[in-house]
Amino acid sequence: MVRKFLLLILTAVCISSDLQAQYDVHFSNYWALNPYFNPASSGLQDRLNVSAAVAMQMVGVENAPKTMHVSADMPMPLLPQGHGVGLNFFTESIGMFSHQRFALQYAYHGMVGKIKLSGGVQAGMISEKFNPTDIEFGEAETDPAFPSSETDGNAIDLSAGIRADYEGYWVSLSAKHLNSPTILLGENNEIKVSPSYYLIGGCNIQLNNPFISIQPSLMVMSDAVALRTDFTLRATYKNDDKRFYGGVGYSPTNSVTFLLGGDFGGISLGYAYEVYTSALGAANGSHELVFGFQTELNLFKKGKNKHKSVRIL
């Protein structure tokens, strides 16, 4: 009964017409999912790049969020070098809510001296669904604050970003939900999505040992109400086609994250476990698995494409 009561409170907060909480999910492997955060990263390399992430947050907590993201990007065919396109799919369920996003991306990449500058835009659709089946109102059969049956709604969603790359250093600035979409759920409820802003950067530092390098990175995300900062440090061992990494991330007042991954048979795999520093404790952390691969684009050449793993950055 207590769990159902807490779930009812959570649902009431989420469905409020004045919803202003952080809307976008957090990924611990943000450095490996650049197109998800910034459309300017689409088509950045002369390859077809596919990445995916699956996350289970607050393990052991009933109705905790479950998330999946898939994206693909590549240089735009039949156009001069510098144009990139991508697509992005995201789905998440939390309690009685589920939402999906699908978007198309376009980016332009150009050189200013030795700096590669990129700008990108994204247009897509957000879909929200609310299923009140598990709500128990006690003696009352219904509550006017909640829809009496499953309801859904959708809205257009716009994003944009810029990025700069210079000799192993990179920085990305983007804004998602720029048009502040409002999703109607039934006749009396709506979800207002505030814009989210991201500053992400990192670099690749080669040590004296030719096989070992380190990759520090930083992400700052905000919706102008809440702010989250993540510091991440990875160490990578690379020998020929073999690559393995381990690392740790820290988000002040939020969590500590442990990361592990590498390249296996031309496919990049990574795992992260986020331990919350709140009352949830280590046993109720979040699992995250990322996957990626790249393949050369020989669209007008004979022969098969060669597969290569996702780059360190």
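Computed from the coordinates by the stated procedures, all read-outs in this text should not be read as laboratory data. Everything numeric in this text was worked out from a predicted model, so none of it was measured. Glycine also receives a Cβ, built like all others from the backbone with ideal geometry; neighbour counts cover every protein chain displayed.
Maximal additional length on extending the residue 229-residue 115 stretch stands at 38.4 nm, based on 0.36 nm per residue less the C-alpha distance. Residue-normalised convex hull volume from the C-alpha trace of region 155-280: 169 Å³ per residue. Amide H neighbours of residue 179 under 5 Å, counting only residues 5+ apart in sequence or on other chains, H built in-plane at 1.01 Å? Excluding prolines and chain starts, which carry no amide H, the hits are 158. Summing charges over all other residues whose Cβ lies under 9 Å from the Cβ of residue 57, with Lys and Arg as +1 and Asp and Glu as -1, gives -1. The base-10 log of I(q)/I(0) for region 157-231, evaluated at q = 0.16, 0.25 Å⁻¹, reads -0.71, -1.10 [Debye formula, identical scatterers on Cα atoms, solvent excluded].
Any chance you could run the full-extension gain for residue 214 through residue 83? It's 0.36 nm times the residue separation minus the Cα-Cα distance, nm to one decimal.
44.1 nm
Length gained on full extension, residue 66 to residue 248, computed as 0.36 nm times the residue gap minus the Cα-Cα distance: 63.3 nm. Close amide H pairs (under 5 Å, H built 1.01 Å from N) link residue 76 with 83, 84, 85, residues at least 5 positions away or on another chain. Peptides 249-256, 122-129, ordered by how many other C-beta atoms sit within 10 Å of their residues on average, highest first, read 122-129, 249-256. Would you mind checking 66/116; 66/238; 116/176 for any pair whose Cα atoms are more than 26 angstrom apart? Violating the 26 Å Cα-Cα cut-off are 66/116; 66/238.
Across region 79-96, the residues whose backbone nitrogen lies under 13 Å from the label position 7 Å along the beta-carbon direction of residue 104 are 85-88. Computing Rg and the Kirkwood Rh from the Cα coordinates of region 19-139 gives a ratio, Rg/Rh, of 1.11. Spin-label pair residue 203-residue 258: with each label point 7 Å from Cα along the Cα-Cβ axis, the two points sit 2.9 nm from one another. Return the FRET efficiency for the residue pair residue 283, residue 178: r is the Cβ-Cβ distance, R0 is 41 Å, and the value is rounded to the nearest 0.05. That gives a FRET efficiency of 0.60.
Remark on region 161-202: hydrodynamic radius 12.5 angstrom, per the Kirkwood mean of 1/r across alpha carbon pairs. For the pair region 153-180 and region 237-255, the centres of their Cα atoms are 24 angstrom apart.
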